[in-house]
Amino acid sequence: MSTSKPPAARLTRAGIGETYGEGERTVDAWVKLLNFPAQVADGEWDAQQVDAWVKVSRPQSWPGRAVASAAESPAAAQAETAGASAAEEAAEEDELLGKSGLALRYNVSETTVDTWTKVEGFPDEAEPGRWPSHEADTWVEEHRAHVWAEFNGEGPKVVIPPPEGNPKDLYDVSGYGMILGNATRGEPLPRTTAQNYKRQGHLEPPDRTPGDRKRPEVFEDMWYLETITRHVYSRRGQGRVRASRTRRTNRKKS
């Protein structure tokens, strides 16, 4: 638990932003994520649960920034905050990270980072096997927008959000394509495209299959709304294979 978190047991959206030094848009994106702690009251979240989530899911924003006490003068608090921010910024600009450090920073694999470093235009090494973090940030923001959005707490860009509904509502491949297409490009994917994505392993494995002896009975592969929604908000760009077991299943059926 962060020792710099305000003593209040609950946090509002504004309190979350103040505690972790994030803007209103970033906090709004956080609280919409499926794995973000549930509200304990209308517009309020348990401070300990939020702190634990930020520590694991947004380590770049943890620990929470100290909130000036009421006893401090506004001028002193402002000067202290400005000094701390300047020091943090300077330290970050001077930070050199290896491939494992960059992988941890952007929540990607070391193999992914290794591929990045071989792309023309990726920052030069400041010393063997280490890159300036602020130069890497600039490159990722420009060339890997989906990774930058997640790193920055905004999540992947969504044109039309998935529909509200029961998380266990079932959708066939056409429904999956409609929701995914609306999210990524603002219009549904054709059924044939969604079927191709499924064959190539770019959709989540189906939650229901014909003959699975569950109710209600289904006559084709089906997905829960919560599964499709999780896919939409966990995208890392085109070409990502969702699960190898999908391909194995397809090979067995062919």
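Among the conditions (1) more than 16 Å from the chain's Cα centre (by Cα); (2) at pLDDT below 90; (3) over 30 Å from residue 208 (Cβ atoms), the only one that residue 163 does not satisfy is (3). May I ask you to list the residues in the stretch 157-169 that are open to solvent by 50 Å² or more (accessible area, probe 1.4 Å) and either more than 14 Å from residue 231 (Cα to Cα) or hydrophobic (A, V, I, L, M, F, W, C) (or both)? Answer for the stretch 157-169, where residues must be open to solvent by 50 Å² or more (accessible area, probe 1.4 Å) and either more than 14 Å from residue 231 (Cα to Cα) or hydrophobic (A, V, I, L, M, F, W, C) (or both): 159, 160, 164, 166, 168, 169.
Yes/no per residue for (1) open to solvent by 50 Å² or more (accessible area, probe 1.4 Å); (2) part of a loop (DSSP other than H, G, I, E, B):
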residue	(1), (2)
174	no, no
182	no, no
189	no, yes
194	no, no
197	yes, no
203	no, yes
211	yes, yes
217	yes, yes
220	yes, yes
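Cβ-Cβ contacts under 8 Å between residues 6 or more apart (or on different chains), taken from a first residue in the stretch 32-47 that is among the acidic types (Asp, Glu) to a second residue that is part of a loop (DSSP other than H, G, I, E, B) and open to solvent by 30 Å² or more (accessible area, probe 1.4 Å), are listed as 44/12; 46/9; 46/40. Of all the residues in the stretch 124-148, those that are open to solvent by 20 Å² or more (accessible area, probe 1.4 Å) and either outside any helix (DSSP H, G or I) or charged (D, E, K, R) (or both) number 11. Of the residues that sit in the stretch 98-119 and are at pLDDT 90 or above and among the β-branched types (Val, Ile, Thr), which one is surrounded by the most Cβ atoms within 10 Å (Cβ to Cβ)? Filtering the stretch 98-119 for residues that are at pLDDT 90 or above and among the β-branched types (Val, Ile, Thr), the one surrounded by the most Cβ atoms within 10 Å (Cβ to Cβ) comes out as 113.
The values are calculated or read from the model by the stated rules, or taken from the named source; none is laboratory data. Because the structure is a prediction, the values reported are computed rather than measured. Every residue, glycine among them, receives a Cβ derived from its backbone with ideal geometry; neighbour counts consider all protein chains shown. In case anyone asks, the SASA skips ligands and DNA or RNA and just uses the protein heavy atoms, side chains included. Shrake-Rupley method; radii C 1.70, N 1.55, O 1.52, S 1.80 Å.
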